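So the structure is just underneath, and the comments pick up after that.
The values are calculated or read from the model by the stated rules, or taken from the named source; none is laboratory data. Treat the numbers as computed from the prediction; the structure is a model and nothing was measured. A quick note on method: Cβ atoms are made from the backbone with ideal geometry, for glycine too, and the neighbour counts reach across all protein chains shown. Just so you know, the surface numbers come from the protein's heavy atoms only, side chains and all, with ligands and any DNA or RNA stripped out. Shrake-Rupley method; radii C 1.70, N 1.55, O 1.52, S 1.80 Å.
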Amino acid sequence: MIRNREELAETPAHETALDCIAAGIEATQPTRVMSEALDRDGSTRTIGDATVDLDDYREVVVVGGGKAAAQMANVIEDVLGDRLTDGVVVTNDPQETDRIAVVEGSHPTPNEAGEEGARRVLSLADDATAETLVLCLISGGGSALLPAPVDGVSLAELQSLTDDLLSSGATIHEINAVRKHLSAIKGGRLAAAAAPATVHSLVLSDVVGDDPSIIASGPTVPDESTYADARDVLDRYDIRPSAAIVERLENGDGERSETPTADDPAFERTELHMLANGFTALAAARSVAEEHGYTPVILSSQVEGEAREAAKTHAAIADEALATGNPVSPPAVLLSGGETTVTLDGDGSGGPNQEFVLSGALTSTSADVVVASVDTDGKDGASDVAGAIADRDALDDERRARAALAANDVYPYLAERGLVVDTGKTGTNVNDLRVLVVGESSDTR
């Protein structure tokens, strides 16, 4: 799971942090959570709490997109067997499948292949009838991997806007409010295209709070955001998109049609199943911490905001635990999830998890605090590593460390010191997983 584990496991505390990270990622593997959620018995298929009789449908199709879509497709093929009629998913982590077509798109900026795959997904949805069962596989990254820009807006224009939004410091809720109104598939429009088919969505959440309208920009659920909301986001972050995008957000599709809301008939035959989320990873990490003799505390699964600032708060809690035993007496492991962001002031390389680790290690006054943080998909920001792990003693040039943070160029500093965590693509995505090991347990398992 962690390719460079041997170099990173300097002490039992470091080993504990790495074990917590590995456990969190493994617990949210699509193959694992899909297998636990799905079952079959004759013509019936169990999906979470729902039971579906395939004999009620003339055809069964699979569509979807996200970083975990290929793994999810493999499991659903096994569950459906020869009852599967057709299918296509888009991912940036392709795998070999038997019957469901897997299209390789790009993330976080969409590309031409993703657009083509999204059009194929839409085509299958458009062809669905009242006798069709549509199974939609949704996971983190689906917004970028299923672009399908609306008529009049080019992919190049959408790519440029996506880059601007991602570097602006806007939250995922704000970014997706814009993307929904520039897409033919997001904001419930995939469900509208599939109606009157029966649609079951199987979802791995990468969104703080698990709002299904935000995960992959909610292709099969109602959307309450508006064109006005999208315009407000661009104004708030002083983003100036192309004239075509401005026109679309000002005038809609010519009839000022908003994305479908909860009272739309498109959702009369839709159902959503949340299979895993950030707390799934935290719960697994908590169990590992206990096994290593630490008292675990899950601070929150919903941490947002600037990465370096969130790190200061986490480090302060760790230092408080060492100094006073509050909120927990060491040896302890502090855990949190969610999604922090980086507002780019420089042009360096790195990501929010690496900035979190560097800022946290700089903030803590004790070498008895090990700070680790990864993006569970294995790719932190624009870098090719998952995140980093460090303690105060590992930062041998504090002036350069602070300069790296100021320039958003933390990757070179951390990589030179052997502090980055390399997992490769993990096949899942439930956002950030942060582990602070406070003190050292006498249990060295």
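Any residue at all in the stretch 279-289 that's out of contact with any helix residue (DSSP H, G or I) (no Cβ under 8 Å at 6 or more places or on another chain), in a strand (DSSP E or B) and open to solvent by 40 Å² or more (accessible area, probe 1.4 Å)? Among the residues of the stretch 279-289, not one is out of contact with any helix residue (DSSP H, G or I) (no Cβ under 8 Å at 6 or more places or on another chain), in a strand (DSSP E or B) and open to solvent by 40 Å² or more (accessible area, probe 1.4 Å), which makes the answer no.
If the condition is being within 22 Å of residue 377 (Cβ to Cβ) and open to solvent by less than 10 Å² (accessible area, probe 1.4 Å), then the stretch 4-13 contributes only 8. Residues in the stretch 33-46: is at least one outside any loop (DSSP other than H, G, I, E, B), in contact (Cβ under 8 Å) with a residue 60 or more places away in the chain, within 24 Å of residue 134 (Cα to Cα) and in contact with a Gly (Cβ under 8 Å, 6 or more places away or on another chain)? Looking through the stretch 33-46, at least one residue is outside any loop (DSSP other than H, G, I, E, B), in contact (Cβ under 8 Å) with a residue 60 or more places away in the chain, within 24 Å of residue 134 (Cα to Cα) and in contact with a Gly (Cβ under 8 Å, 6 or more places away or on another chain). Whenever a residue of the stretch 281-300 is hydroxyl-bearing (Ser, Thr, Tyr), its partners that are outside any helix (DSSP H, G or I) and buried (at least 18 other Cβ atoms within 10 Å of the Cβ), lying with C-beta atoms within less than 6 angstrom and at least six residues away or across chains, give the pairs 294/331; 294/332; 294/333; 294/441; 295/328; 295/332; 300/336.
Restricting attention to the stretch 268-278, the residues that are under 17 Å from the mean Cα position of the chain (by Cα) and either open to solvent by 50 Å² or more (accessible area, probe 1.4 Å) or among the aliphatic types (A, V, I, L, M) (or both) add up to 3. Of the residues making up the stretch 126-140, those that are open to solvent by 10 Å² or more (accessible area, probe 1.4 Å) and either in a helix (DSSP H, G or I) or modelled with pLDDT under 95 (or both) number 2.
Only one of 143, 123, 106 is under 25 Å from residue 268 (Cα atoms) and in contact with a helix residue (DSSP H, G or I) (Cβ under 7 Å, 6 or more places away or on another chain). Can you tell me which?
Residue meeting the stated conditions: 143.
Which ones in the stretch 46-58 are closer than 14 Å to residue 76 by Cα and open to solvent by 20 Å² or more (accessible area, probe 1.4 Å)? Scanning the stretch 46-58 gives 46, 48. Cβ-Cβ distances below 8 Å connect the following pairs, each with a first residue in the stretch 166-192 that is under 18 Å from residue 252 (Cα atoms), a second residue that is aromatic (Phe, Trp, Tyr) and open to solvent by less than 40 Å² (accessible area, probe 1.4 Å), and a separation of six or more residues or different chains: 181/227; 188/267.
The single condition from (1) open to solvent by 30 Å² or more (accessible area, probe 1.4 Å); (2) assigned to a strand (DSSP E or B); (3) modelled with pLDDT of 95 or more that residue 296 fails is (1). Only a single criterion out of (1) open to solvent by 30 Å² or more (accessible area, probe 1.4 Å); (2) within 30 Å of residue 441 (Cα to Cα) is not satisfied by residue 16, namely (1). Count of the stretch 350-389 residues, restricted to those that are under 21 Å from residue 423 (Cα atoms) and more than 20 Å from the chain's Cα centre (by Cα), is 4.
Applying the condition of being of a type in the set (A, V, I, L, M, F, W, C) and within 28 Å of residue 408 (Cα to Cα) to the stretch 166-213 and asking which residue is nearest to the chain's Cα centre (by Cα) yields 207. Within the stretch 59-66, is there a residue that is acidic (Asp, Glu), open to solvent by 30 Å² or more (accessible area, probe 1.4 Å) and free of Cβ contacts under 8 Å to residues at least 12 places away in the same chain? Checked the stretch 59-66: no residue is acidic (Asp, Glu), open to solvent by 30 Å² or more (accessible area, probe 1.4 Å) and free of Cβ contacts under 8 Å to residues at least 12 places away in the same chain.
Please verify whether residue 35 is surrounded by fewer than 19 Cβ atoms within 10 Å (Cβ to Cβ), in contact with a Leu (Cβ under 9 Å, 6 or more places away or on another chain) and small (Gly, Ala, Ser), treating the condition exactly as stated.
No: the conditions fail for residue 35.
Suppose the filter is buried (at least 17 other Cβ atoms within 10 Å of the Cβ), in contact with a Ser or Thr (Cβ under 6 Å, 6 or more places away or on another chain) and over 24 Å from residue 24 (Cα atoms); does residue 344 pass it? Spelling it out, it is not the case that residue 344 is buried (at least 17 other Cβ atoms within 10 Å of the Cβ), in contact with a Ser or Thr (Cβ under 6 Å, 6 or more places away or on another chain) and over 24 Å from residue 24 (Cα atoms).
Residues in the stretch 127-156 that are among the polar types (S, T, N, Q), closer than 18 Å to residue 272 by Cβ and touching a Pro at 6+ places or on another chain (Cβ under 8 Å): 139 alone.
None of 295, 313, 324, 261 is closer than 16 Å to residue 20 by Cα and among the polar types (S, T, N, Q) except 295. From 16, 51, which residue is hydroxyl-bearing (Ser, Thr, Tyr) and in a helix (DSSP H, G or I)? Checking each option against the conditions leaves just 16. Looking across the stretch 69-111, just one residue is touching a Ser or Thr at 6+ places or on another chain (Cβ under 7 Å), open to solvent by 20 Å² or more (accessible area, probe 1.4 Å) and of a type in the set (A, V, I, L, M, F, W, C), and that is 102. Residue check: residue 335 meets all listed conditions (1) at pLDDT below 95; (2) open to solvent by less than 10 Å² (accessible area, probe 1.4 Å) but one, namely (1).
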